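K.L.:
A single structure is presented below for examination.
The values are calculated or read from the model by the stated rules, or taken from the named source; none is laboratory data. Owing to the predicted nature of the structure, the values given are computational and were not obtained by experimental measurement. Cβ coordinates were reconstructed from backbone atoms using ideal geometry, including for glycine residues, and neighbour counts include every protein chain displayed. With ligands, DNA and RNA removed, areas are computed over all heavy atoms of the protein, side chains included. Shrake-Rupley method; radii C 1.70, N 1.55, O 1.52, S 1.80 Å.
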Amino acid sequence: MASFKQIKGFVFDLDGVITDTSLYHTKAWRQLADKLGVAWSKDLEEGLKGISRMDSLELILKTGGKENDYSHDEKVALATEKNTNYVNEIKKMTPDNILPGIKDFLDDLRNKGYLISLASASKNGPTVLKQLELVDYFPKVVDPATLSKGKPDPEIYLKGAELLGLAPEACIGVEDAASGIQAINAAGETSVGVGDAKTLSAADVRFDDTTQMTLANIEKAMA
Ligand code: G6P
Ligand code: MG
């Protein structure tokens, strides 16, 4: 792990870190899984976090032993159906949906001169930031359409650092998903996980929830 003094920038995941959209993703995927007759489980729910839309659909189909049952076009239609349901949910979001403590954390980072970028696999990321009125906090956003590999591959976190003009060692990546923590670690950044200890066992630093994620607590944990 780097020393706190080396850190110059933060690369953030969005869903489940900045806001609880993971609830909406889960609801929309679960609806589709029910329709397809795929049994839902906590493991499947965790496994879907952080991975792209098509990778998520493939995981659901594989879980139900249905990976060969649909053509490419049918899969695209299923993913689009999920996304329509998801987009209907995020349209109702307001700044009240920012997770507790996140706004203060972002203000603190900005005031102290840390650089900030977004490394979300979601193509809806920019819409969510707009709904939350956080666009100004994220001048640099990795476009997931430009990626060749999803999390746990490090590509997205390497791009997040590159957009800031920083070496990975100078960055902290923040995540709620196991796949995301793996991606941050593989990128050579310091990983901060928010959430369950078992799920995020590979994180360099971990907090139970967003209220504990402050610069002071991160500095303490990295000492
Ligand atoms: C994030 C979420 C995933 C979601 C993915 C793609 O990584 O954690 O649950 O499936 O983004 O989101 P999208 O909005 O592009 O379907
Ligand atoms: Mg997430």
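K.L.:
Could you grab the pairs with beta carbons closer than 9 Å, sequence gap of 6+ or different chains, first residue in segment 88-100 and within 19 Å of residue 209 (Cβ to Cβ) and without any contact (Cβ under 8 Å) to a residue 40 or more places away in the chain, second one part of a helix (DSSP H, G or I) and not hydroxyl-bearing (Ser, Thr, Tyr)?
P.N.:
So the pair list comes out as 95/103; 95/131.
K.L.:
Limited to segment 44-86, what total is found for residues that are in contact with a Lys or Arg (Cβ under 7 Å, 6 or more places away or on another chain), away from ligand 2 (no atom under 16 Å from the Cβ) and not hydrophobic (A, V, I, L, M, F, W, C)?
P.N.:
1
K.L.:
Looking at 208, 196, which one is within 16 Å of ligand 1 (Cβ to nearest atom), more than 21 Å from residue 52 (Cβ to Cβ) and surrounded by fewer than 16 Cβ atoms within 10 Å (Cβ to Cβ)? Please lay out each step first, then the result.
P.N.:
Numbers: 208 fails: within 16 Å of ligand 1 (Cβ to nearest atom).
Testing whether each residue is within 16 Å of ligand 1 (Cβ to nearest atom), more than 21 Å from residue 52 (Cβ to Cβ) and surrounded by fewer than 16 Cβ atoms within 10 Å (Cβ to Cβ) leaves just 196.
K.L.:
Just checking, which of 41, 22 is on the phi < 0 side of the Ramachandran plot and surrounded by 15 or more Cβ atoms within 10 Å (Cβ to Cβ)?
P.N.:
Values: 41 fails: surrounded by 15 or more Cβ atoms within 10 Å (Cβ to Cβ).
That would be 22, the only listed residue that is on the phi < 0 side of the Ramachandran plot and surrounded by 15 or more Cβ atoms within 10 Å (Cβ to Cβ).
K.L.:
Filter segment 16-35 down to residues that are touching a Phe, Trp or Tyr at 6+ places or on another chain (Cβ under 8 Å) and more than 15 Å from residue 88 (Cα to Cα) and give me whichever is farthest from ligand 1 (Cβ to nearest atom).
P.N.:
Only one residue fits best here, namely 34.
K.L.:
Among (1) among the basic types (Lys, Arg); (2) farther than 25 Å from residue 54 by Cβ; (3) crowded, with 18+ Cβ neighbours inside 10 Å, which single condition is residue 220 missing?
P.N.:
The failed condition is (3).
K.L.:
Quick one: count up the residues across segment 164-223 that are in a helix (DSSP H, G or I), more than 17 Å from the chain's Cα centre (by Cα) and within 22 Å of residue 43 (Cβ to Cβ).
P.N.:
Going residue by residue through segment 164-223, those that are in a helix (DSSP H, G or I) are 168-170, 178-187, 210-212, 215-222.
With the extra rule that they be more than 17 Å from the chain's Cα centre (by Cα), the set shrinks to 168-170, 211-212, 215-222.
Checking which are within 22 Å of residue 43 (Cβ to Cβ) leaves us with none.
Residues that pass the stated criteria total 0.
K.L.:
Does residue 125 satisfy the criteria of being out of contact with any Gly (no Cβ under 9 Å at 6 or more places or on another chain), of a type outside the set (Phe, Trp, Tyr) and either within 15 Å of ligand 2 (Cβ to nearest atom) or closer than 18 Å to residue 102 by Cβ (or both)? Write out each step before concluding.
P.N.:
Details: out of contact with any Gly (no Cβ under 9 Å at 6 or more places or on another chain): yes; of a type outside the set (Phe, Trp, Tyr): yes; either within 15 Å of ligand 2 (Cβ to nearest atom) or closer than 18 Å to residue 102 by Cβ (or both): yes.
Yes.
K.L.:
Given the conditions (1) open to solvent by less than 60 Å² (accessible area, probe 1.4 Å); (2) farther than 22 Å from residue 119 by Cα; (3) under 22 Å from the mean Cα position of the chain (by Cα), report the number of the one that residue 27 does not fulfil.
P.N.:
For residue 27, the failing item is (1).
Residues are listed down the side, and each one gets a yes or a no for (1) polar (S, T, N, Q); (2) over 24 Å from residue 181 (Cα atoms); (3) in contact with a helix residue (DSSP H, G or I) (Cβ under 7 Å, 6 or more places away or on another chain):
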position: 83; (1), (2), (3): yes, yes, yes
position: 89; (1), (2), (3): no, yes, yes
position: 101; (1), (2), (3): no, no, yes
position: 104; (1), (2), (3): no, no, no
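K.L.:
What number goes with the only condition from (1) in contact with a helix residue (DSSP H, G or I) (Cβ under 7 Å, 6 or more places away or on another chain); (2) under 16 Å from residue 11 (Cβ atoms) that residue 174 does not pass?
P.N.:
(1)
K.L.:
Of all residues being of a type in the set (Gly, Ala, Ser) and under 12 Å from residue 168 (Cβ atoms) in segment 1-15, which is nearest to ligand 1 (Cβ to nearest atom)? Just the residue, please. Explain how you work it out, then say what you get.
P.N.:
Just the residues of segment 1-15 that are of a type in the set (Gly, Ala, Ser), to begin with: 2-3, 9.
With the extra rule that they be under 12 Å from residue 168 (Cβ atoms), the set shrinks to 2, 9.
Working: 2: 25, 9: 20 Å.
Ranking the candidates gives 9 first.
K.L.:
Another one. Which condition number does residue 10 fail, the rest of (1) in a loop (DSSP other than H, G, I, E, B); (2) assigned by the TED database to the domain that holds residue 207 being met?
P.N.:
Every listed condition holds for residue 10 apart from (1).
K.L.:
Taking the condition of a type outside the set (A, V, I, L, M) and loosely packed, with under 12 Cβ neighbours inside 10 Å, does residue 56 pass?
P.N.:
Details: of a type outside the set (A, V, I, L, M): yes; loosely packed, with under 12 Cβ neighbours inside 10 Å: no.
Taking the combined requirement at face value, the residue does not satisfy it.
K.L.:
Checking the conditions here, which among 137, 114, 157 is out of contact with any Gly (no Cβ under 9 Å at 6 or more places or on another chain), assigned by the TED database to the domain that holds residue 197 and among the aromatic types (Phe, Trp, Tyr)? Walk me through it before giving the result.
P.N.:
Numbers: 114 fails: out of contact with any Gly (no Cβ under 9 Å at 6 or more places or on another chain); 157 fails: out of contact with any Gly (no Cβ under 9 Å at 6 or more places or on another chain).
None of the others qualify; the one that does is 137.
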